[in-house]
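Worksheet: the structure to be examined is printed underneath.
The values are calculated or read from the model by the stated rules, or taken from the named source; none is laboratory data. Keep in mind the model is a prediction, meaning the values are calculated, not measured. Note: ideal-geometry Cβ built from the backbone for every residue, glycine included; neighbour counts use all protein chains shown.
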Amino acid sequence: MSATTTAPQPAPASLPRRLFIRHPLISFFVLAYAFTWLAWSPWYLSEDGVGLLPYDAEGIADFLNTAALIVGPTLSAFIVTGVTEGRDGMRRLLRRIVLWRVAPKWYLFVLVGIPAIIVLCAVVMLGALASFQASLVPSTLFMYVVAGSVFLFAGGPFFEEIGWRGFALPRLQRLYGPLVGSLVLGALWDLWHLPLFLIPSWDTPHGNPIDIALFVSWAMAITILFTWIFNNTKGSVLLVILAHWSINSAATAVFILFPAPAVTEGFANFVIGFGVVALLIVALTRGRLGYRQDEVVVAGNGRKM
C-alpha cells in the first residue's frame, strides 16, 4: 500500500481573532471604551466624581488620565491592527504616525491658523479686549511652546489620535464617505468622554446639559476639521496630533491672556467659531473634506481608499 501524506491544516482562529477580523471597527471601539473607562474608574468613582468610593483621586487624576489614553485608543489601535493585518499593518500605521513630509502650508495652518481662530473667537466676546493681560504675553508664549509640549503626550493629542484618526477614520471613510464617516467618528469620540462629564475637576463642563451639548458640538466641528487636515496631508496622523495639541494649548493661553468671564466661563464662542470653519470646509469641498481615494493610504494589504 502506498502511504498518503496529508498537509497539516492551520489551527482554527480563536473567537476573539475571528471577531477582530470580521469587525475591526467595532472591536476597536469596544476595546477603546473598555480600556479607557476602566483606567478612569478610580477617578470618576471617587469623591471627586460620583462619590461611590471614599477617597479623593484629584492628586492622581493626571496619571489616571494619561494611563487611560495610552491603554484606550492607542493600545486598542495596535491590538486590532496587529491581529487583523500583522506586521505590515503595524508598519503602515507607524509610518502614518511619523509622516511629516507634507506641504509647509499645513504646518502653518495647524500651528498659526488654528491659534488665530481661537484668539479671534475670544476677542469678539464682551470685555475680552479690556481684560487683555499684555504683561503675560512672553510667559504665556513660553508656556504655549515649551510647557504645552508636555501635554502633546500627557493631555490627549498623541495617544488619542493614533486611535481616532490613525485607525478609525480611514475605515469609516471607506465605509461611509468622508462627511458621514467624520460625523460617526465625532459622535463616538463624544460618547467616549462620557465618564469625564461626571468629574467636577475635569477641565470641561460637567453635569450641565447645555454645557455638555456645547462640548459635543465643538468636538463634532473639530472632527470635521481634523478629517480635512488628515485627507490633505496624505493621511498624516502627525499633523492631526499637532492640530489637536494646537487647539488645547492655544485655548489655555487665551484663557490666561483674556480672563474676562465671557471667555473663561464657557466656550460657546469656540463652538460658533469652529462651527463656522467646519461649515465652510464642508461647503467649499462639497462634503469631500479633501478626500481623494487614490492618495489616502489605509489599512488592509496596502490598498488605497
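Answer yes or no: is there a residue in the stretch 92-101 that is closer than 30 Å to Trp43 by Cα and exposed (fewer than 14 other Cβ atoms within 10 Å of the Cβ).
For the stretch 92-101, residues closer than 30 Å to Trp43 by Cα and exposed (fewer than 14 other Cβ atoms within 10 Å of the Cβ): absent.
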Report, by residue number, each residue of the stretch 19-60 that is within 24 Å of Ile79 (Cβ to Cβ) and outside any helix (DSSP H, G or I).
His23
Given (1) surrounded by 15 or more Cβ atoms within 10 Å (Cβ to Cβ); (2) modelled with pLDDT of 90 or more; (3) of a type in the set (A, V, I, L, M, F, W, C), index of the condition Ala34 fails
(1)
Enumerate the pairs (first residue in the stretch 126-137 and in a loop (DSSP other than H, G, I, E, B); second residue anywhere and modelled with pLDDT under 90) with beta-carbon separation below 7 Å, excluding pairs fewer than 6 apart on the same chain, so at least 6 apart or on different chains.
Leu126/Ala262; Gly127/Ala262; Ala128/Ala262; Ala128/Val263
Tell me whether the stretch 188-204 contains one or more residues that are free of Cβ contacts under 8 Å to residues at least 12 places away in the same chain and within 18 Å of Phe230 (Cβ to Cβ).
no
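In the set Val102, Val110, which member is assigned to a loop (DSSP other than H, G, I, E, B), in contact (Cβ under 8 Å) with a residue 60 or more places away in the chain, closer than 29 Å to Gly290 by Cβ and in contact with a helix residue (DSSP H, G or I) (Cβ under 8 Å, 6 or more places away or on another chain)? Full working, then the answer.
Numbers: Val110 fails: assigned to a loop (DSSP other than H, G, I, E, B).
Going through Val102, Val110 in turn, just one is assigned to a loop (DSSP other than H, G, I, E, B), in contact (Cβ under 8 Å) with a residue 60 or more places away in the chain, closer than 29 Å to Gly290 by Cβ and in contact with a helix residue (DSSP H, G or I) (Cβ under 8 Å, 6 or more places away or on another chain): Val102.
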For the stretch 225-240, state whether one or more residues are closer than 20 Å to Pro73 by Cβ, among the small types (Gly, Ala, Ser) and either touching a Gly at 6+ places or on another chain (Cβ under 9 Å) or surrounded by fewer than 21 Cβ atoms within 10 Å (Cβ to Cβ) (or both).
yes
